[in-house]
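Encoded as structure tokens, here's the structure I'll be asking about.
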Amino acid sequence: MMHEDSNGESTFEFVEKKMDEMSVSNEALPKAESRSSSSSSLLPVSGAASGGNLLSTVAPPSALPSFVSPSTNIVTPVTPITTSSVAPQPVTVTQPALTASHAFHPTTFSPVIPPSKGGDVPVVPPLEIASTTESGVAGGGLLGWVKGAVGSGGILSKVAERAKNSVDSMITTLDPQMREFLHSGGDVDIVVASDKEVKLSPVREAFQSVFGKATVSGMAAQASKIAAQPVGFASAIKAAEERILALQATGKLHPKQPIVAVENFLLEVGENKWYDLGLLMLKDPGREINLETYTQLTPVPALVVALAQEDTPSDYPLRWSGLSVTIGSLMASNLQVHHSEWHQALTGVSRREMLLMAAKVLAGLYKNSISGSII
């Protein structure tokens, strides 16, 4: 069969065989529809291979989906799959043109979110650990954080201090005598006017707990111009001062050496109402500091005081300041304990505990006096 194109040229095509094949396929379709649903879905392999008309029913491929904004159209010829002799038609495929905003950059590229959906991905700066300097301004990054943590008051400094305190507590629990070695030193040097442990140890513990480090030692001293058992505040103060003067007179101490004296005395607060209490006196000649504190009052039976008065001779030269027999010796004989333990046996609170509390008050006052907090 001859066709004449629009450009005036003539072409020949044999269509007789093709028309026969189309008629055969049209006759086969009604017969295939009358079959069951199970056999109608299958076509003879020989017919599909010989006919070659099944692919002609497949639509040409559509354009691929695009996830970027279109900018320019680029015409790309695509040949459709067909067995007919119809000339292929060009298919237009839209492709975006790369611009400066879509240019690939290693810090802004995101394989998950396309630029058309979320725009350019913001650049996240590297993580910096802020630290607080002494002036309160954050900065310095990781090095600043390490400096602040290790420095004074930092978290690592506090952890190290707690670990040190735990180790010190364990050592002093196993060996109490190690406490003096661990906490000795510093700028505080105190001498106690007594070599008795019941007076020396509470003063040492109090000053070391308040100052952190303190050197506290003891030397024997006795008041010779006051009765063995002072009675009243005036006698107690006079006895403590005499102990301090006795140490200074030895010449073994520096003239400006701080000294603490401990003196227990009797006090009558009412008719036949007697109490025992302790005086702690501190004198620092170098700083001109004089401090006094007192322990709690411990009741003493009036019969014990009457017995001490009877045992004191009438011609006792120091009777004006007190008694010649100490209350501690009489109470210890009555309670069948050592003379330094009668407070514990009578009240359940030891003399050392009473002196420790008063010594902590004295150490706190002394620390504030040195710093100028109090006048």
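Quote the charge dipole size of region 241-355 about the Cα centre in Debye, to the nearest 20; the model charges only the Cβ of Lys and Arg (+1) and of Asp and Glu (-1).
Using Cβ point charges on Lys, Arg, Asp and Glu, region 241-355 gives about 440 debye.
Taking 7 Å along the Cα-to-C-beta vector as the label spot, tell me the L307-N334 distance in nanometres, rounded to one decimal.
Computed distance between label sites L307 and N334 equals 0.6 nm.
Moving on to the next point. Starting from the 7 Å offset along Cα-to-Cβ, what nm value, one decimal, do you get for the label separation of L245 and D189?
2.5
Counting other Cβ atoms within 10 Å, which GluC sites (Glu not before Pro) in region 249-292 have at most 15 and lie in a DSSP loop?
E271, E288
So for the pair A234, V361, with labels modelled 7 Å out along Cα→Cβ, what separation do we get in nm?
My value for the distance between the label points is 2.4 nm.
Two decimals is fine: what's Rg over Rh for region 310-375, C-alpha atoms, Kirkwood radius as Rh?
Computed over Cα atoms, the ratio is 1.21.
Run the accessible area of region 207-342 with a 1.4 Å probe and give the carbon-and-sulfur part as a rounded percent.
52
Ok, one more. Can you tell me the length gained on complete extension of the stretch Q222 to W320, counting 0.36 nm per residue apart and subtracting the Cα distance?
Fully extending the segment from Q222 to W320 adds 33.5 nm.
The values are calculated or read from the model by the stated rules, or taken from the named source; none is laboratory data. A quick note: this is a predicted structure, and the numbers were derived from the prediction, not measured. Positions of Cβ are generated from backbone atoms using ideal geometry, with glycine treated the same way; all protein chains shown enter the neighbour counts. Heavy atoms of the whole protein, side chains included, go into the accessibility calculation; ligands, DNA and RNA do not. Shrake-Rupley method; radii C 1.70, N 1.55, O 1.52, S 1.80 Å.
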